Amino acid sequence: MRLNLKILVLLFFISQMFVQTSFARDVKFAQISDSHIMMNANVYSSRNVIGAEDYLQATVADINTIKDLDFVIFSGDNIDRSNPDDLIYFLKVVNKLKVPYYVIIGNHEVFKSQHFTKKDYMKLVSKYSRSCKHRKPNYVFKKNGTVFIVVDGVKEFIPGPAGYYRKSTLAWLDRKLRHYKHSHVVICQHFPLEPPYYNRTHATYDVDTYKNMLAKHKNVVAVLSGHYHENGEKEVNGVYHSSCPALLNPPHNYKIIEIEYLNDGKAQVYTQLRHSELYGSDSND
């Protein structure tokens with residue numbers, strides 16, 4: 001009797017592992033990065049962000065025409081300066097999306113010296129967003145059985161374009177990857193681990209520590225990022241690293257990403273650059 005009970009318990013745990021690893025279904029989503037929205041850009045900006053809101057509105061309208069889309073992820077630098085009014089305006093625009101969306105903080109968006117912290121940022125997102133109700137910059141959401149982990153690498157105290165993933169953040173990510181070890185995981189962040197080109201000022205501090213931690217886990221399908229304003233695709237040790245170009249810069253591209261699961265449970269990642277014209281002409285492939 002005891003032997004039979006042990007066998008039943010063992011079969012239960014094996015079945016649970018199988019369910020977790022085989023549950024994931026194909027998922028299709030859009031990634032938008034570096035839109036750099038700024039209200040009153042003509043007055044305040046020394047950068048070329050004039051008209052950025054027009055491209056964001058056109059992109060939202062274009063995304064609403066895409067069938068079978070599960071959600072949208074915004075990969076940071078959604079606004080150009082650390083300003084709550086700009087963030088509220090950004091959220092009002094993207095609330096017009098027909099699908100849920102999720103927000104990542106970028107290096108342009110929070111500075112303690114300007115009295116706009118990560119806590120302030122996420123509080124406004126939670127209050128004004130139609131679908132992103134997370135109150136912390138590191139969070140988890142799930143779609144069709146795939147686990148998406150948003151990881152924050154922004155510095156609040158010393159402004160600058162370099163990313164910094166704190167030890168506490170990497171420890172949190174390590175725990176989440178172990179917790180979801182039987183699931184397929186996609187990491188979403190602003191600063192890439194495998195940038196599309198070398199830029200000393202934009203490089204991430206101590207990136208090897210992050211990479212070494214990541215190498216311990218076998219459940220990560222992809223790492224999605226922005227920040228460099230250029231498209232980048234690279235596979236490293238079975239992990240697909242994808243950098244999204246800036247919506248701000250011509251030709252104002254964003255990405256459609258599809259993750260398909262094969263019969264053996266392995267994941268295949270497909271990406272497509274897409275953009276929309278301001279005046280309604282469709283030039284997408």
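The values are calculated or read from the model by the stated rules, or taken from the named source; none is laboratory data. What you are looking at is a predicted structure, and each value in this text was computed from that prediction instead of being measured. Glycine also receives a Cβ, built like all others from the backbone with ideal geometry; neighbour counts cover every protein chain displayed. Side chains are part of the model used for accessible areas, which takes the heavy atoms of the whole protein and leaves out ligands, DNA and RNA. Shrake-Rupley method; radii C 1.70, N 1.55, O 1.52, S 1.80 Å.
Residues within the reach of a label modelled at TYR198 (point 7 angstrom out along Cα to beta-carbon, backbone nitrogen below 20 Å), restricted to segment 237-277, are 243. Rounded to the nearest 20 debye, the dipole magnitude of segment 101-212 is 580 debye, with +1 charges on Lys and Arg beta carbons, -1 on Asp and Glu beta carbons, and the Cα centre as origin. For SER131 and ARG178, a Förster radius of 25 Å and the Cβ-Cβ distance give a FRET efficiency of 0.35, rounded to the nearest 0.05. Between ASP26 and VAL93, the modelled labels are 3.2 nm apart [label points 7 Å from Cα along Cα→Cβ].
Based on Cα contacts under 8 Å between residues 6+ apart, the chain shows a relative contact order of 20 percent.
Report summary: the helix-based calculation at 222 nm, which adds -39500 (n - 2.57) for every DSSP H run with n ≥ 4 and divides by the residues of the chain, gives -8500 deg cm²/dmol.
On a full-extension model of 0.36 nm per residue, what is the gain between MET213 and ASP264, subtracting their alpha-carbon distance, rounded to one decimal in nm? The partial results should precede the final answer.
Working: separation 51, 0.36 × 51 = 18.36 nm, distance 2.60 nm.
So the chain would gain 15.8 nm between MET213 and ASP264.
Taking only the Cα atoms of the chain, the radius of gyration and Dmax are 19.7, 80 Å. Among 93-101, 182-190, sorting by the average number of other beta carbon atoms lying within 10 angstrom of each residue, highest first, gives 182-190, 93-101. Against the chain, whose longest principal axis comes from its Cα atoms, helix 52-63 is set at around 40 degrees. For the pair ASP68 and VAL140 in one chain, pulling the backbone fully straight at 0.36 nm per residue adds 23.7 nm over the alpha carbon distance.
Just the protein heavy atoms count here, and of the accessible area of the chain at 1.4 Å, carbon and sulfur take up 53 percent.
Rounded to the nearest 20, the size of the Cβ-charge dipole of the chain about its Cα centre is 1660 debye, with Lys and Arg at +1 and Asp and Glu at -1.
Using the structure shown, select from LYS28/LYS234; LYS28/LYS118; LYS92/LYS123; LYS96/LYS127; LYS176/LYS266 the pairs with a Cα to Cα distance greater than 22 angstrom.
Details: LYS28/LYS234 19 Å; LYS28/LYS118 29 Å; LYS92/LYS123 15 Å; LYS96/LYS127 16 Å; LYS176/LYS266 20 Å.
From the list (LYS28/LYS234; LYS28/LYS118; LYS92/LYS123; LYS96/LYS127; LYS176/LYS266), the Cα-Cα distance tops 22 Å for LYS28/LYS118.
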